[in-house]
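The values are calculated or read from the model by the stated rules, or taken from the named source; none is laboratory data. The shown structure was predicted, so the numbers you read here are calculated from the model rather than taken from an experiment. Glycine gets a Cβ as well: all are built from the backbone with ideal geometry, and neighbour counts include every protein chain shown.
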Amino acid sequence: MREDEGARRGCFVVLEGIDGCGSTTQARLLVDSLRDSGRPARFTCEPSDGPIGRLIRSILEGRVREADGTARRFDWPTLGLLFAADRHDHADATIRPALRAGEIVVSDRYALSTVAYQCGLADGEASAAAWLRELNARVLRPDLTLVLDVSAELAEQRRAARGGPEELLEKRDLQRRLVALYARAEQLVPLHNVAHVDATGPVPEVRALVAQAVARVLS
């Protein structure tokens, strides 16, 4: 039996992909659709709103500074450990209670993000992936991880359109590596139920594809 399978009454769905794939938009739209159909649903995201998640967000936004005022640099193992710690706290504080209450939890990013992004930063992908999977071996497993597939070029256009400063993990070269990593997400998290959606179309079209994929799990 999967961890917490006997206790959970709800369903746990994760939306994933590179920055600019539309995961945040689609996760919120999915929650709206579920609520409109009378199903209790909750949006959440990673980094979480918890104390570790807030620290991660400050790192990604370049707000953690050295004594000389420059942005502090963090290596991929440190980031991997922080994301894993946030995930354990996120599951305990938010996801598990909602599932026990019978809610459908929709998270914008989860374990696959950590494996994909840190592998994209690491020199040796195979050894990094194994270590990152071990860090996340005891976290709650989603019922569905839905990868929104887009090209690096389209995602970059979308990031430019939404504006704001570039974050630590939004570098062009990294995002291109991430396209290839997410394309074989099933290999990165082999124990997870992973499905792919073509997210290159307009928002309503992608919304319909996401809804179809989730409906199959809920049924």
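Within the range 164-186, is even one residue under 24 Å from F12 (Cβ atoms) and among the small types (G, A, S)?
yes
Might you let me know whether the range 185-201 holds any residue that is at positive phi, of a type outside the set (S, T, N, Q) and more than 18 Å from the chain's Cα centre (by Cα)?
Checked the range 185-201: no residue is at positive phi, of a type outside the set (S, T, N, Q) and more than 18 Å from the chain's Cα centre (by Cα).
Take A128 and decide whether it is among the small types (G, A, S) and within 22 Å of V210 (Cα to Cα).
Taking the combined requirement at face value, the residue does not satisfy it.
Taking G102 as the residue in question, decide whether it is surrounded by 14 or more Cβ atoms within 10 Å (Cβ to Cβ), more than 15 Å from the chain's Cα centre (by Cα) and not in a helix (DSSP H, G or I).
no
Look at V106 and say whether it is at pLDDT 95 or above, of a type in the set (V, I, T) and in contact with a helix residue (DSSP H, G or I) (Cβ under 7 Å, 6 or more places away or on another chain).
Spelling it out, V106 is indeed at pLDDT 95 or above, of a type in the set (V, I, T) and in contact with a helix residue (DSSP H, G or I) (Cβ under 7 Å, 6 or more places away or on another chain).
Determine which member of the set T44, T78 is outside any helix (DSSP H, G or I) and either at pLDDT 95 or above or not polar (S, T, N, Q) (or both).
None of the other options fit; the residue is T44.
Hey, among the residues in the range 131-159 that are of a type in the set (G, A, S) and in a loop (DSSP other than H, G, I, E, B), which one's surrounded by the most Cβ atoms within 10 Å (Cβ to Cβ)?
S151
Tell me whether the range 18-41 contains one or more residues that are touching a Pro at 6+ places or on another chain (Cβ under 7 Å), on the phi < 0 side of the Ramachandran plot and either charged (D, E, K, R) or modelled with pLDDT of 95 or more (or both).
no
Can you tell me which of D86, D32 is among the charged types (D, E, K, R), closer than 29 Å to H196 by Cβ and in contact with a Gly (Cβ under 9 Å, 6 or more places away or on another chain)?
D86
Would you be able to tell me the number of residues in the range 32-43 that are surrounded by 20 or more Cβ atoms within 10 Å (Cβ to Cβ) and under 28 Å from A85 (Cβ atoms)?
Looking only at that region, the number is 1.
Looking at the range 160-199, which of its residues are free of Cβ contacts under 8 Å to residues at least 60 places away in the same chain, of a type in the set (A, V, I, L, M) and either in a helix (DSSP H, G or I) or loosely packed, with under 14 Cβ neighbours inside 10 Å (or both)?
Matches in the range 160-199: A160, A161, L174, A180, A183, L191.
As an exercise: evaluate S107 against (1) buried (at least 21 other Cβ atoms within 10 Å of the Cβ); (2) on the phi < 0 side of the Ramachandran plot; (3) assigned to a loop (DSSP other than H, G, I, E, B); (4) out of contact with any Gly (no Cβ under 8 Å at 6 or more places or on another chain) and give the number of the one condition it does not meet.
(3)
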